[in-house]
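Submitted below is the structure of interest, expressed as structure tokens.
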2 protein chains.
Amino acid sequence: MHWYFVAALLTVLTSSQGILTTLSQSNGKYMYDYATVPFLAEVFKLLVSSILLWKECQASPSTRMTTDWKSVRLYPIPSVIYLIHNNVQFATLVYVDTSTYQIMGNLKIVTTGILFRLFLKRKLSNLQWMAILLLAVGTTTSQVKGCGEASCDSLFSAPIQGYMLGVLSACLSALAGVYTEFLMKKNNDSLYWQNVQLYTFGAIFNMARLLLDDFRGGFENGPWWQRLFNGYTITTWLVVLNLGSTGLLVSWLMKYADNIVKVYSTSMAMLLTMLLSVYLFNFKPTLQLFLGIIICMMSLHMYFAPPNMLVDIPAATVKAAPESLKEVLVERRTDS
Amino acid sequence: MHWYFVAALLTVLTSSQGILTTLSQSNGKYMYDYATVPFLAEVFKLLVSSILLWKECQASPSTRMTTDWKSVRLYPIPSVIYLIHNNVQFATLVYVDTSTYQIMGNLKIVTTGILFRLFLKRKLSNLQWMAILLLAVGTTTSQVKGCGEASCDSLFSAPIQGYMLGVLSACLSALAGVYTEFLMKKNNDSLYWQNVQLYTFGAIFNMARLLLDDFRGGFENGPWWQRLFNGYTITTWLVVLNLGSTGLLVSWLMKYADNIVKVYSTSMAMLLTMLLSVYLFNFKPTLQLFLGIIICMMSLHMYFAPPNMLVDIPAATVKAAPESLKEVLVERRTDS
């Protein structure tokens, strides 16, 4: 399986996620408890990974699985980072409005590039750095609301704490991604075994969060397990399956491709969602959406095209630049 | 004199042009006839070029001047193209509003690249093409008004004639630039002699236009030469001198650099003007202005940076990519 096929699939599924979530509402309201969706998605991923691991073990008894505590204890860390990230998100929204928050969210593209370089020691060419910056600029451009609306004034007038928390949020989001990539690539363990560990902790942390919310609400609506499937429709189940599937694809990409590929997939998905919303939900297409799409497409080409295609140099002398990907694909392509 | 110094100066002067023009108004109105400004600027350029030519001839009697009719007759052509362009502009504004017109104006960056390739046979790398497209996207981004305002609806709803005339306008603007470059580079004539020819026709065509306007208005305000300096202030004279100086710099760039350098200079000037307006005229800074500036800066770097700086290739094997400029600078650097 080629990484760009998985990346394209991730783009499509991430994009459907937004659309399905909108479709799962009735009159703009959720008739079910949305907080239960990520938990069920974790359970779904855990089930799928367990079945695949069992099949893999049956097919080849030499399936690599590191089971000592020193290794296993690393797997809850992404969940912990996401938990902190979630709380920082809430704190940020105290200081800035959702529109400013959305704009600041594009920062995570840049922070992912930086942590990717610092922690995973991947070298990027000058052009690839520019491509990453351009991707962030492109997604931001597509979200510009213009000065007729309130968002513009609020964008530059939030308290400094808001911006600092926004930067922290972007760093935490990038850290979670980069750390997961480190986990998945640190040894040649079976992807499914790694997934089982990741999602076990993921399910536990999500359960804990639901329980905590219940405590905070004084069990007003009863414990979470009693209202787990309340108001669930076919569309709600599709949201769960879709979210679970995107998680599995991200996991695959972390092992066989990298964080930058993931960032491109999800950014393109954001643009695709906006474009589809024009047709599905009668959104007004804006000039800035088209500009953003052009910018992101050029960024994609700049990042992934071979250098000899971009500048005129004799093909034979080109040092392979996007080596990070090739390296990974050649060395670790064991089960795809 | 290096081309990038001239280009930077052109950026500063083009930017002051907008600001001086605004400052020359009283209560948002021109107290003088603005149509007389381009005519006087042509006269100023003609005077300066004549003096410089005379000095050059005195210094070296071998100053190259092709005076046969076959060559001279090519010099009114840019003026003719500008005249047609002016009329197309007016026709376009019948179908589209000024805001849409301004957005479409960025197309001339792309058409200049295309005509530069087709007529002047200059090869551009894949990356340089992307840089040109990105420059157009960047300048457009900075001008996005957002959907709160009327401009957004009108942008996609103008009659088809409006868009076609907009494209024609962009082609004519690019053609004038590319043709002037062809003229200036077609032989090793003295730059000042070429200027004298260009500006003589320029002055004549501008005079004809003033006269035509008078005819159309039925000489209501008297003939143009009677109101030539009416209401002129120091600032008005600065506008004239500034416009004339930018013209002289453009002419220099056409001979010793190229159209793409000019396009970058004037695009950067547009952004600089918007940035200065924030301080001088209390314009609200918008997110899209900052995004546009980042995009254009990256475009600049992509177009002009040596390829081995952008991608990791051994410096020795790099085939000089921005050869068009170097070629010109080495071959034709006779008097700078």
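Which ³J(HN,Hα) values in Hz, rounded to whole numbers, follow from the phi angles of segment A:297-309 under the Karplus curve 6.51 cos²θ - 1.76 cosθ + 1.60, where θ = phi - 60° and Gly and Pro get x?
Karplus-based 3J(HN,Hα) across segment A:297-309 equals 5, 5, 4, 4, 5, 5, 6, 9, 5, x, x, 6, 7 Hz.
Now for a separate question. Charges on Cβ only, +1 for Lys and Arg, -1 for Asp and Glu, centred on the Cα centroid of the protein assembly as shown; of A:H301, B:I204, B:L275, which one is farthest towards the dipole's positive end?
A:H301
Moving on. If I take every Cα pair under 8 Å that is 6 or more residues apart in chain B, average their sequence separation and divide by the length, what percent do I get for the relative contact order?
36
Still on this structure, I have one more. Under the classification rounded if a/c is under 1.5, otherwise prolate if a/b is larger than b/c and oblate if not, where does the protein assembly as shown fall, given a ≥ b ≥ c as square roots of the Cα gyration tensor eigenvalues? It would help to have the intermediate numbers written out before the result.
Details: a/c = 3.03, a/b = 1.92, b/c = 1.57.
Cα axes put the protein assembly as shown in the prolate bin.
Within the set of other residues whose C-beta is less than 11 Å from the C-beta of B:Q194, count the net charge using Lys and Arg as +1 and Asp and Glu as -1. Walk me through the numbers before you get to the answer.
Values: positive: B:R64, B:K185, B:K186, B:K255; negative: B:D189.
Its environment carries a net charge of +3.
Average partner chain C-beta neighbours within 10 Å, per residue of A:284-290?
Across A:284-290, the average partner-chain Cβ count within 10 Å equals 6.
Would you mind giving the average projected area, over all directions, of the Cα convex hull of segment A:256-303 in nm² with one decimal? Each step should come with its number before you reach the end.
Values: hull surface 15.0 nm².
About 3.7 nm², averaged over all directions.
Is there a pair in A:K123/B:K145; A:K262/B:K123; A:K108/A:K255; A:K29/A:K255; A:K121/A:K145; B:K45/B:K108 whose C-alpha atoms are over 31 Å apart, and which pairs would that be? Walk me through the numbers on the way to the answer.
Working: A:K123/B:K145 39 Å; A:K262/B:K123 35 Å; A:K108/A:K255 20 Å; A:K29/A:K255 37 Å; A:K121/A:K145 37 Å; B:K45/B:K108 25 Å.
In this structure, A:K123/B:K145; A:K262/B:K123; A:K29/A:K255; A:K121/A:K145 lie more than 31 Å apart at Cα.
Now a separate question. Just order B:104-110, A:174-180 by mean Cβ neighbour count inside 10 Å, highest at the front, would you? The partial results should precede the final answer.
Values: B:104-110: 21.3, A:174-180: 23.0.
Most protected by this proxy first, the peptides run A:174-180, B:104-110.
Still on this structure: 7 Å along Cα→Cβ for the label point: how many nanometres lie between A:R216 and each equivalent label in the other copies, listed shortest first?
Those label-point separations list as 6.7 nm.
Just to confirm the numbers: A:K123, label point 7 angstrom along the Cα-Cβ line, distances to the other copies in nm, shortest first?
2.8
With a ≥ b ≥ c taken as the square roots of the eigenvalues of the C-alpha gyration tensor of segment B:191-264, please select rounded if a/c is under 1.5 and otherwise prolate if a/b is larger than b/c or oblate if it is not? List each step's numbers first, then the result.
Values: a/c = 2.73, a/b = 1.87, b/c = 1.46.
Since a/c reaches 1.5 and a/b is larger than b/c, the shape of segment B:191-264 is classed as prolate.
Taking the Cβ of B:A203 as the centre, find all other residues whose Cβ is under 13 Å away and add up their charges (Lys, Arg: +1; Asp, Glu: -1).
Values: positive: B:K45, B:R209; negative: B:E42.
Taking every Cβ under 13 Å from that of B:A203, the sum is +1.
Another question, then. In whole Å, what is the distance between the alpha-carbon centres of segment A:165-222 and segment B:113-131?
Value for the Cα centre distance between the two parts: 49 Å.
Going by the alpha-carbon gyration tensor, a ≥ b ≥ c the square roots of its eigenvalues, is segment A:105-258 rounded (a/c under 1.5) or, if a/c is not under 1.5, prolate (a/b greater than b/c) versus oblate? Walk me through the intermediate numbers first.
Numbers: a/c = 1.97, a/b = 1.15, b/c = 1.71.
It is oblate, given that a/c is not under 1.5 and a/b is not larger than b/c.
If you project the alpha carbons of chain A onto the principal axes, what extent comes out on each, in Å, largest first?
Rounded to whole Å, the extents work out to 69, 62, 38 Å.
Something else: Determine the per residue accessible area of the protein assembly as shown with all protein chains present and a 1.4 angstrom probe, expressed in square angstrom. Show your work: numbers first, answer last.
Numbers: 31900 Å² over 672 residues.
Value for the protein assembly as shown: 47 Å² per residue.
As a test question: what accessible area, to the nearest 10 Å², does B:I234 have when a 1.4 Å probe is rolled over all protein chains in place?
The accessible area comes out at roughly 130 Å².
Find every distance from the label point of B:Y34 to the corresponding label point in the other copies (7 Å from Cα along Cα→Cβ) and write them in nm, one decimal, shortest first.
5.0
With every atom except the alpha carbons ignored, what do you get for Rg and Dmax of segment B:24-122, in angstroms?
Here Rg and the maximum Cα pair distance are 19.3, 54 Å.
Continuing with the same structure: With charges only on Cβ, +1 for K and R and -1 for D and E, what is the dipole size of chain B about its Cα centre, in debye, rounded to 20? Please list the in-between numbers first.
On the way: 24 positive and 18 negative charges, 120 e Å.
With only Lys, Arg, Asp and Glu charged at Cβ, the dipole is about 580 debye.
Dipole size in debye (nearest 20) for segment B:32-111 around its Cα centre, Lys and Arg Cβ +1, Asp and Glu Cβ -1?
Working: 6 positive and 5 negative charges, 67 e Å.
Rounded to the nearest 20 debye, it is 320 debye.
Hey, another quick one. Gain in length, A:M164 to A:F119, computed as 0.36 nm per residue apart minus the alpha-carbon separation, to one decimal in nm? It would help to have the intermediate numbers written out before the result.
Values: separation 45, 0.36 × 45 = 16.20 nm, distance 2.19 nm.
In short, 14.0 nm is gained.
If you don't mind, another one. Can you compute the helix-only [θ] at 222 nm over the protein assembly as shown? Use -39500 (n - 2.57) per DSSP H run of at least 4 residues, normalise by all residues, nearest 500 deg cm²/dmol. Walk me through the intermediate numbers first.
Working: 30 runs with 485 residues, N = 672.
The helix contribution divided over the protein assembly as shown gives -24000 deg cm²/dmol.
Using a 1.4 Å probe over the heavy atoms of the protein chains, calculate the carbon and sulfur portion of the accessible area of chain B as a whole percent.
Within chain B, the accessible surface is 67 percent carbon and sulfur.
Along the charge dipole of segment A:59-189, which of A:S60, A:F116, A:G138 sits closest to the positive end, that is, farthest toward it, with unit charges on the beta carbon of Lys, Arg, Asp and Glu (+1, +1, -1, -1)?
A:S60
Keeping all protein chains in position, work out how much accessible area A:T200 exposes to a 1.4 Å probe, and write it in Å² to the nearest 10.
Here the residue's solvent-accessible area equals roughly 50 Å².
With the Cα gyration tensor of segment B:202-307 in hand, give its eigenvalues times 5 under a square root as the equivalent ellipsoid semi-axes, listed largest first in whole angstrom.
Working: eigenvalues 260, 88, 31 Å².
Equivalent-ellipsoid dimensions as semi-axes: 36, 21, 12 Å.
Right, another one. So how exposed is A:F5, as accessible area in Å² (1.4 Å probe, rounded to 10)?
Its accessible surface works out to 110 Å², give or take rounding.
Over segment B:58-199, what is the relative contact order in percent, taking alpha-carbon pairs closer than 8 angstrom and at least six residues apart? Could the numbers behind the result be given before it?
Details: 116 pairs, mean separation 64.6, N = 142.
About 46 percent, as a whole number.
The values are calculated or read from the model by the stated rules, or taken from the named source; none is laboratory data. What you see is a predicted model, and the numbers here were worked out from it, not measured in a lab. For neighbour counting, all protein chains shown are included, and Cβ atoms are generated from backbone atoms with ideal geometry for every residue, glycine included. Just the protein is used for accessible areas: all its heavy atoms, side chains included, with ligands, DNA and RNA removed. Shrake-Rupley method; radii C 1.70, N 1.55, O 1.52, S 1.80 Å.
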